[in-house]
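Enquirer: Submitted below is the structure of interest, expressed as structure tokens.
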Amino acid sequence: FDPKTPQFLTSDRSSFASVSADDRWPVIITGAIDDLHRTVATVTDDEKAKEGKRIIEKLATMKYELQHDRQLTPLDDDGASDIASYNKELEQRGTPKWHNAPWLYSECYLYRRMETFFSLSKHWKGYDVFGRQKMSTFKSSRPAVLELAARYRELALEAESGKNAEGKSAEEVAQAERLLFSEMCEICLWGNATDLSLLTSLTYEDIQKLQGSQARQASQKNILVNDIDSAFDVLQKARAEKKADERRVDIVLDNSGFELFVDLILAGYLLSAGLATTIVLHPKRLPWFVSDVTPKDFADLLNSMVDPQAFYTAADDSGKTFPQLSDKEVEDVKFLFQQWSEFHQDGKLIVRPHSFWTTQGCYWRMPHVAPELFEDLQESELVLFKGDLNYRKLINDAQWDPTTPFTTAIGPMGPKSGIRVLAFRTCKADTVVGLPAGEDEKLRQLPGGGGSEARKWAWSGKWAVVSFSDGKA
Ligand code: F6P
Ligand code: MG
């Protein structure tokens, strides 16, 4: 079912695939080991502590195999339906070694194998080795969260009072709405730049710099393909033509914490503006690519907002304390919490996990391996795919010519699929499509762009693409 274009391999020395397998993955596994050590040290039940130590050994073995370039071993069967397919594909691919394997397969395998250690245990089922890191990074996004909460509340109150439409022609109102949609989308797009699997050593200051509104404005020129307007057109048209009907927008989530926060900002805005009547969120079933959203992360985020003062001022692990929030700041966050909880309770904001999202393959396979999911997405007005990994999976992490049209590279998810795809991707991997001729070459010539050797400009999350395909046209 996959496209013929070859994929990136961890043996490609000029691609981020080899940097990932050489440097990034060992750091990620070490982080998981450290986290589990810390938790095991607090466990009083002997049997549970012993089992925790055995999981640490399994993680260490996997790290050893990775660093000594051993073959990938078949996954232990933890009873979930995807294991057979992971193992079958491993065999079909000739049981590759860690440093000469398809990047996409081996990276998914890494997280799925970690999951088996926990799912096959007695006491550690559902444990998330990245949970601690996810929450503490969300806490470090405090300035950006407060800034956005204030901006959002101001907009919501303005909309309620009807003030923003006063004295304006219908055309001006429509233009203002288009601009606001675009702002909300950009907030949501750049929220993806701060994912934890890539930025393994982010400082508090780094995170703040990446998330503020000034950073966003400065980054507008870094959106290489920008189809936000086309997405607005379809949602606006649907609102005009099917005012009373259900109009659903789906968000295939990426990272938790700040990115989930901005996804919810966009979701809340779409519902309030009547551009959608239901939002379906698609999280991962298991801890995935370090920071991806699980259903528990969604609940944790909302819980943190019940009492923002307590959450944001609690001392961190090192004992560092934080300044109190002002009354207005507390109110701004609570306003969002109230709105999102209501949407959730009213069934307008739905969380719908599916095991397909943590399988190893690209989305070209969806109609065949998850037909019910494919049909479900056809019901949606627009399916928003967040982040780098979703984009890699849409186009099979393949070595496309970068000028290949997006609609070609997404294959069965493209024209006539019945699915409208919108990808919000900050580039953190080599694969990219839909660029104007000459753009890749130009970017490669920038300092650190990689020259003729490599496409380094696409590795850091500094550049983005927003690509649209109207599968209903
Ligand atoms: O390329 C670095 C990387 O961490 C890949 O592992 C993965 O494709 C991606 O970035 C994760 O980013 P995102 O959270 O945006 O999908
Ligand atoms: Mg992610």
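Enquirer: Can you list residue pairs whose Cβ atoms sit under 9 Å apart, with the first residue in the range 79-91 being not assigned by TED's automatic domain parsing to the domain that holds Val369 and the second being among the acidic types (Asp, Glu) and modelled with pLDDT of 95 or more? Count only pairs 6 or more apart in sequence or on different chains.
Expert: Every condition considered, the pairs that remain are Ala80/Glu115; Ile83/Asp76; Ile83/Asp77; Ala84/Asp77; Asn87/Asp77.
Enquirer: Whether any residue in the range 240-251 is over 27 Å from Leu373 (Cα atoms) and modelled with pLDDT of 90 or more is what I want to check. Talk me through it step by step, then tell me what you get.
Expert: The first filter runs over the range 240-251 and keeps only residues over 27 Å from Leu373 (Cα atoms), leaving 240.
Remaining after also requiring modelled with pLDDT of 90 or more: 240.
Yes, the conditions are met somewhere in the range 240-251.
Enquirer: I want to confirm something. Restricting to the range 284-301 and keeping residues that are within 14 Å of ligand 2 (Cβ to nearest atom) and not in a loop (DSSP other than H, G, I, E, B), which single residue is surrounded by the most Cβ atoms within 10 Å (Cβ to Cβ)?
Expert: Ranking the candidates gives Asp292 first.
Enquirer: Next up: For Gly361, state whether it is away from ligand 2 (no atom under 16 Å from the Cβ) and either outside the structural domain of Gly191 (by TED's automatic domain parsing) or modelled with pLDDT under 95 (or both). Lay out the reasoning, then the answer.
Expert: Numbers: away from ligand 2 (no atom under 16 Å from the Cβ): yes; either outside the structural domain of Gly191 (by TED's automatic domain parsing) or modelled with pLDDT under 95 (or both): no.
So Gly361 does not fit the description; no.
Enquirer: In addition: Quick check on the range 98-116. Is at least one of its residues in contact with a helix residue (DSSP H, G or I) (Cβ under 6 Å, 6 or more places away or on another chain) and part of a loop (DSSP other than H, G, I, E, B)?
Expert: No, the range 98-116 contains no residue that is in contact with a helix residue (DSSP H, G or I) (Cβ under 6 Å, 6 or more places away or on another chain) and part of a loop (DSSP other than H, G, I, E, B).
Enquirer: Across the range 383-425, what is the total count of residues that are over 27 Å from Val290 (Cα atoms) and of a type in the set (Gly, Ala, Ser)?
Expert: The qualifying residues number 4.
Enquirer: Hey, does the range 409-428 have a residue that's within 16 Å of ligand 2 (Cβ to nearest atom), modelled with pLDDT of 95 or more and within 20 Å of Ser85 (Cα to Cα)?
Expert: no
Enquirer: Would you please name the residue that is farthest from Thr73 (Cα to Cα), looking only at residues in the range 117-145 that are at pLDDT 95 or above and either among the hydrophobic types (A, V, I, L, M, F, W, C) or part of a helix (DSSP H, G or I) (or both)? Working first, answer last.
Expert: First, the residues of the range 117-145 that are at pLDDT 95 or above: 117-131.
After this cut, where a residue has to be either among the hydrophobic types (A, V, I, L, M, F, W, C) or part of a helix (DSSP H, G or I) (or both) as well, the list is 117-120, 124, 129-131.
Working: Phe117: 14, Phe118: 17, Ser119: 17, Leu120: 16, Trp124: 22, Val129: 22, Phe130: 23, Gly131: 26 Å.
Among those residues, the one meeting the criterion is Gly131.
A quick yes/no check of all residues on (1) out of contact with any Asp or Glu (no Cβ under 8 Å at 6 or more places or on another chain); (2) surrounded by 15 or more Cβ atoms within 10 Å (Cβ to Cβ); (3) under 24 Å from Val40 (Cα atoms):
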site	(1), (2), (3)
Gly79	yes, no, no
Asn87	yes, yes, no
Leu110	yes, yes, yes
Ser121	no, yes, yes
Met135	no, yes, yes
Glu147	yes, yes, no
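Enquirer: Further question on the same structure: Report yes if Pro436 is over 21 Å from Phe289 (Cα atoms), in contact (Cβ under 8 Å) with a residue 12 or more places away in the chain and not in a helix (DSSP H, G or I), otherwise no.
Expert: Working: over 21 Å from Phe289 (Cα atoms): yes; in contact (Cβ under 8 Å) with a residue 12 or more places away in the chain: yes; not in a helix (DSSP H, G or I): yes.
In short, yes.
Enquirer: Scan (1) assigned to a helix (DSSP H, G or I); (2) under 30 Å from Ala150 (Cβ atoms); (3) more than 16 Å from ligand 2 (Cβ to nearest atom) for the single condition Asp388 breaks and write down its number.
Expert: (3)
The values are calculated or read from the model by the stated rules, or taken from the named source; none is laboratory data. Computed from a predicted structure; not experimentally measured. In this analysis, Cβ positions are derived from the backbone assuming ideal geometry, glycine residues included, and neighbour counts consider all displayed protein chains.
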